[in-house]
Amino acid sequence: MSQNILVIGNGFDIYHGLPTKYIDFVNNTEIKNQDNMFIKYFQKVAKENQTWIDCEQEIKRVVRTIFDVLEKIREDSANQSLSYLGTLSIDKVSDDQRNILKNIDLVFEEKTINYRVVKVRDEYIHPFYGINISQIMTTMKEELDSLIKVLEKYLMNNIDVSSIKIKSEQIKKIKPEYVVNFNYTDTYKLYDIKEQDVFYIHGRIGNTPNNMVFGFEDEDEFNLDDIYFKKYFQRIQKRNGLLDEKKFEPCIYADLGKEPVISHFFGLSMGVTDGDIIKKIEQLSNVCVIYYYNQVDYEMKVINLIKIFGKECFMQKIYDKEIQLEEIE
């Protein structure tokens, strides 16, 4: 006897044949005409990488680059004349940052990069007070909100659960009492799972108001510059709630004692972006079974788990069979 929790990520939808890869979204014909800073950047990155892109990590690169360059400009501001306010020599920007800035023209003047200088757009510069960081933050937040709405529309127009013909025998056997859903979709209904037993940790499509979470992990809780882009803040901001820890409390039988709580991770990359939630679920569970597609996926999941738990801790959990990896049939 065991009490089973099902934890599903985007790979769950992909397994069932749904077009929910980032590359599907970015390359969609309706998306290509969207006037959005992040979408335009995604398209340029996807064109370079051909078949793969991690949109949330690209958001992280863009946001961190913008704030890092703005900080360098502020540090230089004491030595600048009014005519050079909001500028930075291109030599003080890394090659990687330079490539990102060339593809972002909402905050910085793209053409100025060709003249060996990075310049903040005039609308964000006050002649006496300097760069208006607050206004830049507002603009970037609006772009993120716009991106999320476009993503929601894409999913609502392109996801049809009723058309799915594939079902996993492994998931059928699990018969979960509780589902932690990292997806915005309701593909879990294929397995007769009731909606009241599902926690949409990142929100869901069709919700009013929109409560979809899209961003990156928190690496520095004291850095609040990019807080609107951090997943933990968005979960609070959009009132998505917390894991119901009572669902992880084992049932007790007089003749069998406590039944173990087993959390089954299906279709989740186990990436550090969701590391805080993964650690929490692991702490609440007796055993975590992590499903993988092939050897490459197995190795990637192991690497990600080491990043989350640390080498020694992860190795001990594998040895004690508290974390187990199982191939998808």
Take the conditions touching a residue at least 60 places away in the same chain (Cβ under 8 Å) and open to solvent by less than 60 Å² (accessible area, probe 1.4 Å) and apply them to Phe216. Does it pass? yes
Is it true that some residue in segment 249-263 is over 26 Å from Val63 (Cα atoms), without any contact (Cβ under 8 Å) to a residue 12 or more places away in the chain and open to solvent by less than 30 Å² (accessible area, probe 1.4 Å)? yes
Hey, any hits in segment 306-327 for a residue that's at pLDDT 95 or above, buried (at least 16 other Cβ atoms within 10 Å of the Cβ), closer than 19 Å to Asn10 by Cβ and not hydrophobic (A, V, I, L, M, F, W, C)? no
Could you list all residues from segment 280-316 that are closer than 30 Å to Lys167 by Cβ and basic (Lys, Arg)? Lys280, Lys301
Find all pairs meeting these conditions: Cβ atoms under 8 angstrom apart; at least six residues apart or on different chains; first residue within segment 132-152 and under 12 Å from Ile31 (Cβ atoms); second residue assigned to a helix (DSSP H, G or I). Leu147/Phe38; Leu147/Ile39; Val150/Ile39; Leu151/Phe25
Inside segment 279-316, the number of residues satisfying the requirement of being out of contact with any helix residue (DSSP H, G or I) (no Cβ under 7 Å at 6 or more places or on another chain) and basic (Lys, Arg) is 3
Any residue that is of a type in the set (Asp, Glu), open to solvent by 10 Å² or more (accessible area, probe 1.4 Å), closer than 24 Å to Lys149 by Cβ and free of Cβ contacts under 8 Å to residues at least 60 places away in the same chain - is there at least one of those in segment 41-56? yes
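The values are calculated or read from the model by the stated rules, or taken from the named source; none is laboratory data. These figures come from a predicted structure and were not determined experimentally. Quick reminder, even Gly has a Cβ in these numbers, built from the backbone with ideal geometry, and neighbours come from all protein chains shown. Side chains included, ligands, DNA and RNA excluded: accessible areas come from the protein's heavy atoms. Shrake-Rupley method; radii C 1.70, N 1.55, O 1.52, S 1.80 Å.
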